[in-house]
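First the structure, in the form of structure tokens, and then the observations on it.
What follows is calculated from the coordinates using simple rules that are stated; it is not laboratory data. Being a predicted model, the structure only gives us computed values, none of them experimental. Counting neighbours? That spans all protein chains shown, and the Cβs are built from the backbone with ideal geometry, glycine included.
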């Protein structure tokens with residue numbers, strides 16, 4: 001194989017397998033008093049969709065949409081929130097705006113994949129703290145190609161919500 005042919009093949013492989021389409025998410029969890037420490041009330045969360053990490057306001061989902069509680073063991077519960085990164089090949093914490101150590105105690109940093117979906121979970125004292133989690137998702141195809149309308153995304157998130 002000539003050098004030119006090999007170069008063309010390598011470029012095609014890079015284009016085919018090396019291009020990711022990023023999206024970003026923010027999970028904003030707020031207590032009524034905006035307390036950054038373990039308080040008496042459970043924080044209410046909402047997901048914010050962002051096409052770019054630097055996008056300021058993003059597109060907020062309704063409060064609680066996509067979040068649900070599950071018993072983790074005999075003494076604790078976890079609140080899971082859907083990050084709406086279906087079929088993402090990579091999901092990662094992109095930055096931290098966090099003021100309570102309890103929110104990042106675990107080795108998986110509260111990110112978990114179930115089937116094709118990705119969730120972030122919170123537990124313990126983190127449930128009663130104001131915190132913002134910034135997450136990146138990487139897809140094989142442009143996200144807007146599969147989900148062009150935010151209303152459809154928010155409908156799916158509301159359907160996942162369990163009190």
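Cβ-Cβ distance of residue 116 and residue 63, R₀ of 30 Å, FRET efficiency by 1/(1 + (r/R0)^6): the value works out to about 0.75.
Subtracting the Cα-Cα distance of residue 55 and residue 89 from their residue separation scaled by 0.36 nm leaves 10.0 nm. Take the alpha carbon gyration tensor of the stretch 28-72, find the square roots of its eigenvalues, order them as a ≥ b ≥ c, and report rounded if a/c is under 1.5; if not, report prolate when a/b exceeds b/c, else oblate. In terms of gyration-tensor shape, oblate.
For a label point 7 angstrom out from the Cα of residue 42 toward its Cβ, which stretches of the stretch 57-84 have the backbone nitrogen within less than 14 Å? Answer for this model: 64-72, 76-81. Site pair residue 71 and residue 34 shows an inter-label distance of 3.8 nm when each label is modelled 7 Å from Cα along Cα→Cβ.
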